[in-house]
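Here the structure is laid out as structure tokens; the discussion comes afterwards.
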Amino acid sequence: MRIIKAQPLTPEAFRKYGVYQDLLDDASTAAHNVNGASGFRPDLISMNFGTTTQPTISVCRVEKKERNIVNFMEAHQYTCEGLIPLDGDVIIYVGVPGRGEFSVENLEAFIVPMGTFVKLNPLIVHGSQYPIDRDVVRLICMLPERTFRNDMIFTLAREEDKQAELVL
């Protein structure tokens with residue numbers, strides 16, 4: 001069985017997958033305050049959603065499992081994806097396709113604290129999120145409209161890949 005240890009988010013470790021911003025950290029978001037408004041933090045992270053679809057907000061409800069197994073992997077060819085855990089910390093897994101195929105061998109896991117926005121670049125392999133210390137966590141998922149129909153590469157994990165487990 002492959003064990004994938006979840007690591008804290010750092011700019012260096014996450015750079016090849018995308019960027020992130022703790023939206024609840026007033027000190028770091030204040031650096032983006034360009035117009036003098038005390039509570040407005042504009043343009044923290046830019047997202048490419050293409051020109052043919054509208055950005056949408058979806059909600060993903062994830063439940064604590066006995067084991068955090070990789071069941072599927074997906075990526076978007078042309079667009080970014082944004083995730084924000086609203087009410088708890090989660091583990092995510094991400095990777096790059098190896099030789100055009102999805103494989104658990106190319107995955108890393110990260111701890112995403114509540115309120116932290118994660119932007120995944122196009123063609124970044126990802127899948128389910130797993131709550132860390134709550135039974136249920138809700139996430140906002142930002143994608144272009146109908147991305148799951150027009151810009152998604154998806155595969156169920158092979159039986160041998162289902163032996164990959166994410167741990168803290």
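Some observations on this one:
- Subset of region 99-118 that is assigned to a loop (DSSP other than H, G, I, E, B) and without any contact (Cβ under 8 Å) to a residue 60 or more places away in the chain - its residue that is farthest from the chain's Cα centre (by Cα): R99
- Boolean, V96 is in contact (Cβ under 8 Å) with a residue 12 or more places away in the chain and surrounded by fewer than 21 Cβ atoms within 10 Å (Cβ to Cβ): yes
- Residue in region 73-89 that is loosely packed, with under 11 Cβ neighbours inside 10 Å and out of contact with any helix residue (DSSP H, G or I) (no Cβ under 8 Å at 6 or more places or on another chain) present: no
- Scanning region 6-57 for residues that are loosely packed, with under 10 Cβ neighbours inside 10 Å, under 22 Å from the mean Cα position of the chain (by Cα) and either of a type in the set (F, W, Y) or not in a loop (DSSP other than H, G, I, E, B) (or both) yields P11, E12.
- The C-beta contact set for region 38-55 (first residue aromatic (F, W, Y), second residue in a loop (DSSP other than H, G, I, E, B), distance under 8 angstrom, 6+ apart or interchain) comprises F40/N33; F49/T79; F49/C80.
- Taking the criterion of being touching a residue at least 60 places away in the same chain (Cβ under 8 Å), in a strand (DSSP E or B) and in contact with a Pro (Cβ under 9 Å, 6 or more places away or on another chain), the residues of region 119-168 that qualify are P131, V137, R138, L139, I140, M142, L143, P144, I153.
- Whichever residue in region 62-72 is out of contact with any helix residue (DSSP H, G or I) (no Cβ under 8 Å at 6 or more places or on another chain) and in a loop (DSSP other than H, G, I, E, B) and, among such residues, is surrounded by the fewest Cβ atoms within 10 Å (Cβ to Cβ): E66
Values in this text are rule-based calculations from the coordinates and carry no lab data. Just so you know, these numbers come straight off a predicted model, no measurement behind them. Please note: Cβ atoms are built from the backbone with ideal geometry, for glycine as well, and neighbour counts cover all protein chains shown.
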